[in-house]
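For reference, the structure is listed below as structure tokens.
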Amino acid sequence: MTANSYLEYFLVLFGWVMNNAMWTILSSTGLFALPLVFKVLGVWLKVREEGADEGNKGLLAMPRIEHAIYVSFVVMLFCCIPLLPVDISTIKFDSSRAKQCGISVPTPQNSGYSGLVNDFDGRTAQVPIWWYLLHMMSKGTTQAMIASIPCGTQLRQMRFDVQNTKLRDPVLLQEVQDFADQCYSRAYFRLKNSNTQLSDATINSVGWIGSDYFLKASGYYDYYTATTPRSQWPYDSARDSGYPDTGQGGYPTCKTWWSDGSSGLRTRVLATFSDYTRKEVQRQFPGQQWEEVVLRWIVSPRNAGLSGGGVTYMAGADDTASGIGGNLSRLASTFGLGMKQVEALPGFDALKQALPMIQALLQMMIITVIPVLMMFSAYEPKTVVTISFALFALQFITFWWELAGWLDDKLITILYSSLAATGLASGEPIADFLSSPRDGWIMNLVLGMMYVVFPAFWVGMLGWIGVKIGGIAEGFIKGGAQAQQAGQEGGAMAGEAVKAGARKLI
């Protein structure tokens with residue numbers, strides 16, 4: 001058995017553990033046989049209506065009761081009784097797609113879910129034969145279809161990781177703000193006053209505090225210095241003669257402050273990114289270009305505001321406000337905070353994170369209630385077919401999401417390349433996408449269509465087909481039962497005819 005997401009890795013096993021517990025309860029209490037009693041009683045009542053004038057109630061009832069019991073026991077044997085053992089070591093986390101596209105994905109044991117995986121280590125469940133075969137067939141078909149999709153660049157996931165990296169260290173966040181006040185604002189003011197017209201390349205370069213233009217051009221970051229002492233650099237009397245020696249550090253130039261090896265602000269800000277995010281961005285932007293791509297976002301005023309916009313301790317009039325004015329003030333504050341958080345949401349980027357979790361939870365729910373569904377349906381083959389189609393459709397959704405991810409990459413590349421060609425965006429098109437906090441409504445509608453409407457339409461369509469095919473299968477089985485009954489009745493009539501003929505001869 002295989003799993004495509006971290007949650008599915010152990011939730012499928014947990015679902016079968018709960019499935020086994022449910023079947024144990026039904027079998028130990030004898031409730032599993034209750035539908036058989038009602039089914040036999042229904043056959044008997046129907047036979048009483050049909051065979052009242054022929055006097056052959058027994059001949060009609062026996063084959064029908066046998067057929068109902070035989071079919072129910074076969075369904076129970078293959079779909080309800082746990083037979084094949086499975087544990088957490090049997091389930092394999094499928095990383096074939098990641099290897100195909102050259103992406104490094106940690107195993108569940110090495111991820112943040114390692115604690116949950118350890119909780120399930122040692123727990124064993126048994127899977128009925130039919131559902132085990134169905135799982136293998138569904139996953140095999142899904143992975144074969146996914147392998148036929150060209151590898152994408154996962155741009156939306158990359159942007160999600162980059163834009164969810166915050167400057168959590170308040171000291172580092174304050175230093176970024178100090179650098180913007182003491183270096184960037186002064187250099188930008190000088191640039192505006194000394195140049196009457198700037199080129200597009202220069203405008204794009206000076207749009208953030210780590211500007212290459214300010215670092216390389218003379219008279220900017222090599223001229224201005226920090227106005228408050230910095231502990232990373234000692235006091236230098238030749239450089240800092242105009243500043244007092246407070247014993248708390250020196251006053252480096254802005255160029256040194258930003259790019260001085262491991263002590264520089266650039267290196268310390270880059271260290272806030274996780275290794276996974278850094279590797280993914282490096283894969284898309286080789287060389288040193290990736291650093292500017294991620295730094296532009298993390299030191300931007302928007303991200304700095306989000307990083308420092310958490311809950312803080314407040315004391316004063318706002319906390320003690322009462323009455324209508326205080327309530328209105330709180331309402332306005334709450335509304336403003338809500339709008340700020342909506343603005344901070346990276347569009348539909350979180351959708352790809354949530355959907356596989358929902359898929360795994362739905363699988364666990366269906367697996368858990370299989371025994372109850374089978375019992376309430378009186379072990380009808382139609383129910384088996386319907387549940388089988390539902391599980392297959394749910395597991396095959398992974399293919400639609402992979403296809404949507406590849407199409408999304410292509411649409412993003414086309415859109416931002418077109419914006420750069422028309423002058424509405426500057427610099428590297430994909431870099432503009434990573435630093436963009438939101439998409440247009442058209443992109444959001446298309447993305448919602450691909451990730452939500454496609455799978456919903458697929459599940460609905462396949463569920464409808466499952467119900468229809470289940471009805472056909474049930475009709476075939478009932479048709480076989482009627483043929484068997486007709487054969488037995490014909491044999492009985494032939495026997496009666498032979499006996500009558502023998503009497504006449506005698």
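The values are calculated or read from the model by the stated rules, or taken from the named source; none is laboratory data. What you see is a predicted model; the values in this text were computed from it and never measured. All Cβ positions, glycine included, derive from the backbone under ideal geometry; neighbour counts span all protein chains shown. Accessible surface is based on the protein model in full, side chains and every heavy atom, while ligands, DNA and RNA are left aside. Shrake-Rupley method; radii C 1.70, N 1.55, O 1.52, S 1.80 Å.
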In debye, nearest 20, what is the charge dipole magnitude of the stretch 215-297 about its Cα centre with +1 on Lys and Arg Cβ and -1 on Asp and Glu Cβ, if you could check? 280
Return the FRET efficiency for the residue pair L77, N164: r is the Cβ-Cβ distance, R0 is 41 Å, and the value is rounded to the nearest 0.05. 0.25
Using alpha carbon centroids, what distance separates the stretch 376-407 and the stretch 255-279, in Å? 47
If each K or R counts +1 and each D or E counts -1, the residues other than Y223 whose Cβ falls under 14 Å of its Cβ total +4
At 7 Å along Cα-to-Cβ for each site, give me the label-to-label distance between A144 and R123 in nm. 3.3
Could you list which residues have their amide H under 5 Å from that of K92, counting only those 5 or more apart in sequence or on another chain, with H placed in the peptide plane? T2, A3
In the structure displayed, which of K92/K410; K216/K279; K139/K279; K255/K279; K139/K410; K92/K139 lie more than 23 Å apart, Cα to Cα? K92/K410; K216/K279; K139/K279; K255/K279; K139/K410
If the chain between V369 and M357 were fully extended at 0.36 nm per residue, the gain over the current Cα-Cα distance would be 2.4 nm
Length gained when the stretch T24-D245 is fully extended (0.36 nm per residue, less Cα-Cα span): 71.7 nm
Collect residues whose amide H, placed 1.01 Å from N in the peptide plane, falls under 5 Å from the amide H of G250; neighbours closer than 5 in sequence don't count. R230, W233, Y235
Modelled label-to-label distance, F376 and L84, 7 Å Cα→beta-carbon offset: nm? 2.7
Quick check for you: which residues of the stretch 365-379 have the amide N under 18 Å from the point 7 Å beyond the Cα of A33 toward its beta carbon? 375-376, 378-379
Check: the stretch 104-239 dipole with +1 on Lys, Arg Cβ and -1 on Asp, Glu Cβ, in debye: 240
Report the net charge of residues surrounding T142, where surrounding means a beta-carbon distance below 15 angstrom and charges are Lys +1, Arg +1, Asp -1, Glu -1. 0
Approximate spin-label separation A98-Q284, in nm, with each point projected 7 Å along Cα-to-Cβ: 1.8
Quick check: residue separation of S199 and Y276 times 0.36 nm, minus the Cα distance between them. What number comes out in nm? 24.1 nm
Across the stretch 370-381, in residue order, what do the Karplus-derived ³J(HN,Hα) couplings come to in whole Hz, using 6.51 cos²θ - 1.76 cosθ + 1.60 with θ = phi - 60° and x for Gly and Pro? 4, x, 5, 4, 5, 5, 5, 8, 6, 6, 6, x
The stretch 155-277 accessible area per residue, 1.4 Å probe, protein heavy atoms, integer Å², reads 50
Between L198, Q174, G210, whose Cα lies farthest towards the positive end of the dipole of the stretch 148-211 when Lys and Arg beta carbons carry +1 and Asp and Glu beta carbons carry -1, centred on the Cα centre? L198
